[in-house]
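S.K.: Take a look at this one; I'll ask things after.
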């Protein structure tokens, strides 16, 4: 098959003669391969692990395990003649980088979203590739001679430390790891974890036992983030493989039982994964089949998963002829979050031709509704969700609205309408966490001590950084949008009386919102009214939702002022700041330990996903100026070749050079940039 998309990671020419500076650049670039279950394989371009989440096999396992690291690292050597050359680098203690392998690295790029390395050793050009089997916890690492010698010898040392992927790296190794050989199949067991299965494919190989500990592995990003950063690994020995020119050979690692692993050969597994990726591009809209759009279609696929650990939910879905889908909010540490899922749904599914999966996501979350709320998030390794969110349920209406508008699927809408009605009723009468409608003005108030209920949800210990308790601007914009959608849907269903009910309530909300939130002398909206400290006039991007949603709650005469002030105070090339620079709580950088980072998380830090509502609002004020709106997305094209290669980071520093921070791949960042990329295509 011919590759359709190639994302290059360019080594800066100015650094090619500066080994130290080049290594720093290559350590900032990260790659990610996922398996449609939430499991993944990920590390740096250079191959040095810098996060506790970096590993070649992170298996998505049922509770109580959750995502679990089974294969941490692979120490690679190529033997030519009687001399051995390392292809992998490592960092022991801070600053002690072994960079011998750096001199052999010639290229790194993504081909159809999958990572490829090229190394040149003594005139031999080698290629390495990594992919995972879809919906299986299986990873393939392959090697091939492209030119030069007819054969070389590979030595692969698997290094392990079985642990939950979010567990501290200094967590002690299991007292005993045992390795069992069954012909050419090898199994490593440790503690109560499922075993790691390994075998060589494409050639015969031998395994040489030589167990040893690898001490003082230093993880620089963990150190920078204020966490424990020194751990150890164990290797049981190494595989030795005869690599012949033109052949693809390598290591398979898996947590699956052998009968499932053997269902596919390497060639059939690779062919199936490439065909799956080609199909993703085939069903995408024409404007998303090339350029940045096509790269984002493949990036979007990483977040849509089947949570197979939720067996009861799967049974319920299958009984109704459906399947279960959800969205991983970001890699590496996020699970699926209700808010992120609903905001991301249009970009990840409807903009990529995956409407059926959008339907399954909506049906899945409709089943999760409790007391008018959808889950805020599902903790790692648990069946049940947590419901402490004031806006996720209102974003649910928006997601349903976009789905119905795109597909015209009224049957699914009719199935979900009773649940949507129950959500409105719960908000009118009041539900958990102080969430409920104030009957005096129809606006939604929210807030409970110790909880962070809006999307600005940073919390350190007992400190809620931005509590925003009271009547919040975007929640009431979403509330009005939900009421207007219900009015529209009920009118279509010829439910006249409920339609009038939603209409009159929406009118009350519209009037109250414009009377209460507008700051006349400043030309923008309060972020919170009736709060613990009164009304909060901090200038934040949340006010954009008052005019960016399908049913804008803000009077049209006020739109231009809000957009122009957001452009002046918040807009950057990579999204919007979360707070204006003139506010005393503004922070320029997201760095340091957890407390320092969370103090900046929503206090200036740029969020990529906010470019979506900004462009929606901007086009409302400047209809038809699509070319100018498209220009706001151009910087993201360059970003696809930095940080998380082929994806879009969660956040960026609030000032130049807008350093990428947080998750290296974030669902709503990808979703909103892709959605707006298609929206602004001419």
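S.K.: Considering only residues that are part of a loop (DSSP other than H, G, I, E, B) and in contact with a helix residue (DSSP H, G or I) (Cβ under 7 Å, 6 or more places away or on another chain), which ones fall in the range 275-295? Let's see the steps before the verdict.
M.R.: The first filter runs over the range 275-295 and keeps only residues part of a loop (DSSP other than H, G, I, E, B), leaving 284-285, 289-290.
Across the range 275-295, the qualifying residues are 284, 285, 289.
S.K.: Run down 590, 658 and say which single residue is farther than 22 Å from residue 336 by Cα, surrounded by fewer than 24 Cβ atoms within 10 Å (Cβ to Cβ) and touching a strand residue (DSSP E or B) at 6+ places or on another chain (Cβ under 6 Å).
M.R.: Values: 590 fails: surrounded by fewer than 24 Cβ atoms within 10 Å (Cβ to Cβ).
Residue meeting the stated conditions: 658.
S.K.: While we're looking at this one, here's another question. Hey, residue 87 hits all of (1) over 30 Å from residue 378 (Cβ atoms); (2) under 19 Å from the mean Cα position of the chain (by Cα) but one; which does it fall short on?
M.R.: (2)
S.K.: Working carefully through the options 617, 628, find the one that is more than 16 Å from residue 468 (Cβ to Cβ), under 29 Å from the mean Cα position of the chain (by Cα) and surrounded by fewer than 18 Cβ atoms within 10 Å (Cβ to Cβ). Walk me through it before giving the result.
M.R.: Values: 617 fails: surrounded by fewer than 18 Cβ atoms within 10 Å (Cβ to Cβ).
None of the other options fit; the residue is 628.
S.K.: Which one of 219, 196, 243 is modelled with pLDDT of 90 or more and over 27 Å from residue 175 (Cβ atoms)? Before you say what the answer is, go through the steps one by one.
M.R.: Values: 219 fails: over 27 Å from residue 175 (Cβ atoms); 196 fails: over 27 Å from residue 175 (Cβ atoms).
Checking each option against the conditions leaves just 243.
S.K.: Regarding residue 123, is this residue over 20 Å from residue 240 (Cα atoms) and surrounded by 17 or more Cβ atoms within 10 Å (Cβ to Cβ)? Spell out the reasoning first.
M.R.: Working: over 20 Å from residue 240 (Cα atoms): yes; surrounded by 17 or more Cβ atoms within 10 Å (Cβ to Cβ): no.
Taking the combined requirement at face value, the residue does not satisfy it.
S.K.: Regarding residue 169, is this residue touching a helix residue (DSSP H, G or I) at 6+ places or on another chain (Cβ under 7 Å) and in contact (Cβ under 8 Å) with a residue 12 or more places away in the chain? It would help to see each step written out before you state the result.
M.R.: Numbers: touching a helix residue (DSSP H, G or I) at 6+ places or on another chain (Cβ under 7 Å): yes; in contact (Cβ under 8 Å) with a residue 12 or more places away in the chain: yes.
Yes; evaluated as a whole, the condition is true for this residue.
S.K.: Let me ask something else. Filter the range 651-681 for residues that are in a loop (DSSP other than H, G, I, E, B), in contact (Cβ under 8 Å) with a residue 24 or more places away in the chain and out of contact with any helix residue (DSSP H, G or I) (no Cβ under 6 Å at 6 or more places or on another chain); which is farthest from residue 327 (Cα to Cα)?
M.R.: My answer is 655.
S.K.: Please state which one of 50, 68, 2 is surrounded by fewer than 17 Cβ atoms within 10 Å (Cβ to Cβ), at negative phi and either part of a loop (DSSP other than H, G, I, E, B) or at pLDDT 75 or above (or both).
M.R.: Numbers: 50 fails: surrounded by fewer than 17 Cβ atoms within 10 Å (Cβ to Cβ); 68 fails: surrounded by fewer than 17 Cβ atoms within 10 Å (Cβ to Cβ).
When all the criteria are applied, what remains is 2.
S.K.: A follow-up question, please. Kindly indicate whether residue 79 is surrounded by fewer than 21 Cβ atoms within 10 Å (Cβ to Cβ) and modelled with pLDDT of 85 or more. Can you show your working first?
M.R.: On the way: surrounded by fewer than 21 Cβ atoms within 10 Å (Cβ to Cβ): yes; modelled with pLDDT of 85 or more: yes.
Yes, satisfied.
S.K.: Just checking, which of 139, 169 is surrounded by 14 or more Cβ atoms within 10 Å (Cβ to Cβ) and at pLDDT 95 or above? If you could, list the steps in order and put the result at the bottom.
M.R.: Working: 169 fails: at pLDDT 95 or above.
Among 139, 169, only 139 is surrounded by 14 or more Cβ atoms within 10 Å (Cβ to Cβ) and at pLDDT 95 or above.
S.K.: Kindly provide the set of residues from the range 465-475 that are at pLDDT below 95 and either more than 24 Å from the chain's Cα centre (by Cα) or buried (at least 22 other Cβ atoms within 10 Å of the Cβ) (or both), ordered by number. Full working, then the answer.
M.R.: Quick first cut of the range 465-475, residues at pLDDT below 95 only: 465-467.
If the condition is that a residue be at pLDDT below 95 and either more than 24 Å from the chain's Cα centre (by Cα) or buried (at least 22 other Cβ atoms within 10 Å of the Cβ) (or both), then 466, 467 are the ones that fit.
S.K.: Sticking with this one: Would you confirm whether or not the range 141-161 contains a residue that is in contact with a helix residue (DSSP H, G or I) (Cβ under 8 Å, 6 or more places away or on another chain) and either free of Cβ contacts under 8 Å to residues at least 60 places away in the same chain or under 18 Å from residue 239 (Cα atoms) (or both)? Before the answer, list the steps.
M.R.: Our first condition is that a residue be in contact with a helix residue (DSSP H, G or I) (Cβ under 8 Å, 6 or more places away or on another chain); within the range 141-161, this holds for 142.
Checking which are either free of Cβ contacts under 8 Å to residues at least 60 places away in the same chain or under 18 Å from residue 239 (Cα atoms) (or both) leaves us with 142.
Yes, the conditions are met somewhere in the range 141-161.
S.K.: Please work out which residue is nearest to residue 77 (Cα to Cα), limiting yourself to the range 243-274 and to residues that are without any contact (Cβ under 8 Å) to a residue 60 or more places away in the chain and part of a helix (DSSP H, G or I).
M.R.: Looking at the filtered set, the residue picked out is 267.
S.K.: Let me ask something additional. Hey, among the residues in the range 296-310 that are out of contact with any helix residue (DSSP H, G or I) (no Cβ under 6 Å at 6 or more places or on another chain) and part of a loop (DSSP other than H, G, I, E, B), which one's modelled with the lowest pLDDT?
M.R.: Result: 309.
S.K.: Could you check the range 552-573 and list, in sequence order, the residues that are surrounded by fewer than 23 Cβ atoms within 10 Å (Cβ to Cβ), assigned to a loop (DSSP other than H, G, I, E, B) and within 30 Å of the chain's Cα centre (by Cα)?
M.R.: Correct list: 552, 573.
S.K.: A further question on this structure: Cβ-Cβ under 6 Å, sequence separation 6+ or interchain: first residue in the range 524-537 and at positive phi and surrounded by 15 or more Cβ atoms within 10 Å (Cβ to Cβ), partner in a strand (DSSP E or B) and modelled with pLDDT of 95 or more. Which pairs?
M.R.: Close Cβ pairs (under 6 Å, with a partner that is in a strand (DSSP E or B) and modelled with pLDDT of 95 or more) amount to 530/470; 530/471.
S.K.: Could I ask something else about it? Name the residue, out of 490, 486, that is modelled with pLDDT under 95, in a helix (DSSP H, G or I) and crowded, with 20+ Cβ neighbours inside 10 Å. Can you show your working first?
M.R.: Working: 486 fails: modelled with pLDDT under 95.
When all the criteria are applied, what remains is 490.
S.K.: Applying the selection to the range 587-644, what residues are assigned to a loop (DSSP other than H, G, I, E, B), out of contact with any helix residue (DSSP H, G or I) (no Cβ under 9 Å at 6 or more places or on another chain) and either free of Cβ contacts under 8 Å to residues at least 12 places away in the same chain or farther than 30 Å from residue 459 by Cβ (or both)?
M.R.: 623, 624, 641
S.K.: Moving to a separate point now. Among 462, 438, which is the only one that is surrounded by fewer than 21 Cβ atoms within 10 Å (Cβ to Cβ), under 20 Å from residue 513 (Cβ atoms), over 24 Å from the mean Cα position of the chain (by Cα) and in contact (Cβ under 8 Å) with a residue 12 or more places away in the chain? Can you show your working first?
M.R.: Values: 462 fails: under 20 Å from residue 513 (Cβ atoms).
Just one listed residue meets the conditions, 438.
S.K.: Further, regarding this structure: Select, from 595, 620, 558, 516, the only residue that is in contact with a strand residue (DSSP E or B) (Cβ under 6 Å, 6 or more places away or on another chain) and either within 24 Å of residue 402 (Cβ to Cβ) or modelled with pLDDT of 95 or more (or both). Talk me through it step by step, then tell me what you get.
M.R.: Numbers: 595 fails: either within 24 Å of residue 402 (Cβ to Cβ) or modelled with pLDDT of 95 or more (or both); 620 fails: in contact with a strand residue (DSSP E or B) (Cβ under 6 Å, 6 or more places away or on another chain); 558 fails: in contact with a strand residue (DSSP E or B) (Cβ under 6 Å, 6 or more places away or on another chain).
Of the residues listed, the single one that is in contact with a strand residue (DSSP E or B) (Cβ under 6 Å, 6 or more places away or on another chain) and either within 24 Å of residue 402 (Cβ to Cβ) or modelled with pLDDT of 95 or more (or both) is 516.
The values are calculated or read from the model by the stated rules, or taken from the named source; none is laboratory data. Here the structure is a predicted model, which means the values were calculated and not measured. Backbone-built Cβ (ideal geometry, glycine too); neighbour counts: all protein chains shown.
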